[in-house]
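Heads up, the thing below is written out as C-alpha cells.
The values are calculated or read from the model by the stated rules, or taken from the named source; none is laboratory data. Values in this document were obtained by computation on a predicted structure and should not be read as measured data. Please note: Cβ atoms are built from the backbone with ideal geometry, for glycine as well, and neighbour counts cover all protein chains shown. Heavy atoms of the whole protein, side chains included, go into the accessibility calculation; ligands, DNA and RNA do not. Shrake-Rupley method; radii C 1.70, N 1.55, O 1.52, S 1.80 Å.
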Amino acid sequence: MAKEVKVNNPFIVGKYLSDKYFCDRQEETEFLRKQIVNGRDVALISPRRLGKSGLIQHFFAQNDIKEKYHVFFVDIYATTSLAEFVYTLGKEIYEQLKPQSTIWKEKFFQIITSFRVGFKLDAMSGAPSFDLGLGDIQIPQTTLDEIFAYIDESDKPCIIAIDEFQQIGEYPEKNVEALLRTKIQKCHRAQFIFSGSKRHVMSNMFNSPSKPFYQSAISMGLEPLPIDIYADFANRLFDERGKHIKREAIEQVWRLYDGYTWFVQMIMNELFALTNVDETCLADRIDEARWNVIMAQEQSYKDLLSKLSPRQKMVLQAIAKEGVAQNITSGKFIKKYNLNSASSIQSAVKLLLKSDLLTQTEKGYRVYDFFLSEWLATVY
C-alpha cells in the first residue's frame, strides 16, 4: 500500500496526490472506466485549467485500474516534432516501468533497439537507466514502430493518455495524424485517452470525415465542478485542519473564475495559508489572496510580455480591461483603447490565440489566464 503523502496545505495545485485531495468527478471517472474497460478510446476535450489532467490521474489511481493495467500519462504540450513525441512517449513508458520488477521491463531495450544507445548501468547499483538524448533518435518512425511493438508484448493491457494531443497537428512532418492513427489501430494491448484543450482543433481531428482519427474515439467534454459540490469539498478541507471558511467566500471565489479548477484552487490555497487554526476565513480576505497570488507571478508576466510586439501587448491589455471583449474590430473598441486599424487587431488576435494567451468563447474574447488578465487590467 502506498504511503500517504503529508501536506501542509490541502488545496493541491497542478498535480494529483490522492482521492482525499481530489474533488468529485465521480460521473466522469465512471464514464472513462466504462469506455476503456469496453475497449473504446476516448477523446477528452475541454479548455485548459479545468482539470483534465487531474481527472486522468484520478482515473489511473483507481484500484481496479492500477491492478489490471499499466498506465502512462504523456504530456506533449512542449513537443514540436515527431522525434520529440517519440522521445517523450518512450521516456514516460520506461520511467513508469523502472520501479517494477517485471519481465516486460527487462524487454524494454531488447525490443526498442534504437534506444540501446541510451541504455546505461548505474555504477553503484548496477540498475539500468534511461540516458537518452533527443538527438539520439535518428529515425523517429522506426523507434515509434518499436515502441508499439513493445506495448503489444506487455504482460497486461495498457492505457496511454496523451495530453494536449492537438499538438501533433503543429509538427513539421507530413501525415503525422495518419501515421499515428495507423500505429494505434494496429496496437492490440493498449487503449488511448487523447486529451486536448483546443476544442475546435480536437473536434476537427475526431469529428471530421476527412481526418484519420474520424470516429476513432468516444468524445467527452468536461464542465466546471458544480459550485455546491466544490463548496462542500473546500469546507471539509478547512474543517479537517481545524480552520473554517464561510461558504459565501468559497462561492465567490468559484464565480470569480467561472469554476475553472486551477484558478479556484490557487486562491483557496492562499486563503487557507492566510487563515490561522480556529479562525474563520471571510469573503473580505479574497482580495488579499488574489493580490498575493498575482504578484507572486508578476516577474513571469513581465517576461511573457517582453516577448510580444507592442501591438500584441496593447490588444491583450485592452481585452483584459474589458474582461470579455466583443466587437473588437469596431470603431468604438479601437477608439476606447487607442488601437490601430481593425486589420492590425485581427492580426494580433490571431497570434495571441495561437500562443494560448487569448481564448475565444461564446461570449467573446478573454485572456486565457485569469490572473494575467487581472494583472494587465490593474497593474501593467
> closer than 25 Å to residue 324 by Cβ and surrounded by fewer than 21 Cβ atoms within 10 Å (Cβ to Cβ): does that describe residue 240?
Replying inline: no
>> When you check residue 318 against the structure, is it touching a residue at least 12 places away in the same chain (Cβ under 8 Å), in contact with a helix residue (DSSP H, G or I) (Cβ under 8 Å, 6 or more places away or on another chain), within 26 Å of residue 343 (Cα to Cα) and small (Gly, Ala, Ser), yes or no?
In response: yes
>> When you check residue 250 against the structure, is it assigned to a helix (DSSP H, G or I), surrounded by 13 or more Cβ atoms within 10 Å (Cβ to Cβ) and touching a Phe, Trp or Tyr at 6+ places or on another chain (Cβ under 9 Å), yes or no?
In response: yes
>> Quick check on my filter: what residues within region 50-76 are assigned to a loop (DSSP other than H, G, I, E, B), open to solvent by 10 Å² or more (accessible area, probe 1.4 Å) and touching a residue at least 40 places away in the same chain (Cβ under 8 Å)?
In response: 51, 61, 69
> Do you know which residues across region 341-380 are more than 20 Å from residue 306 (Cα to Cα) and open to solvent by 80 Å² or more (accessible area, probe 1.4 Å)?
Replying inline: 346, 360, 362, 363
>> Return the pair list, or none, for Cβ contacts closer than 8 Å from residues in region 156-184 that are open to solvent by 30 Å² or more (accessible area, probe 1.4 Å) to residues that are among the acidic types (Asp, Glu), at least 6 apart or on different chains.
In response: 169/177; 183/145
> In region 289-303, what count of residues is obtained for those that are in contact with a helix residue (DSSP H, G or I) (Cβ under 7 Å, 6 or more places away or on another chain) and either basic (Lys, Arg) or open to solvent by 50 Å² or more (accessible area, probe 1.4 Å) (or both)?
Replying inline: 2
> What number goes with the only condition from (1) under 27 Å from residue 140 (Cβ atoms); (2) surrounded by 13 or more Cβ atoms within 10 Å (Cβ to Cβ); (3) among the acidic types (Asp, Glu) that residue 106 does not pass?
Replying inline: (2)
> What are the pairs, 6+ residues apart or on separate chains, where a residue within region 198-225 that is assigned to a strand (DSSP E or B) has its Cβ under 8 Å from a residue that is among the charged types (D, E, K, R) and surrounded by fewer than 19 Cβ atoms within 10 Å (Cβ to Cβ)?
Replying inline: 218/40
>> If I ask for residues that are hydroxyl-bearing (Ser, Thr, Tyr) and surrounded by 11 or more Cβ atoms within 10 Å (Cβ to Cβ), which ones from region 304-340 would you list?
In response: 309, 329, 330, 337
> Just checking, how many residues over region 24-49 are assigned to a loop (DSSP other than H, G, I, E, B), open to solvent by less than 30 Å² (accessible area, probe 1.4 Å) and modelled with pLDDT of 95 or more?
Replying inline: 2
>> Taking the condition of being surrounded by fewer than 18 Cβ atoms within 10 Å (Cβ to Cβ) and touching a residue at least 24 places away in the same chain (Cβ under 8 Å), how many residues in region 272-284 meet it?
In response: 8
>> From the list 269, 235, exactly one residue is in contact (Cβ under 8 Å) with a residue 12 or more places away in the chain, over 30 Å from residue 361 (Cα atoms) and open to solvent by 10 Å² or more (accessible area, probe 1.4 Å). Which is it?
In response: 235
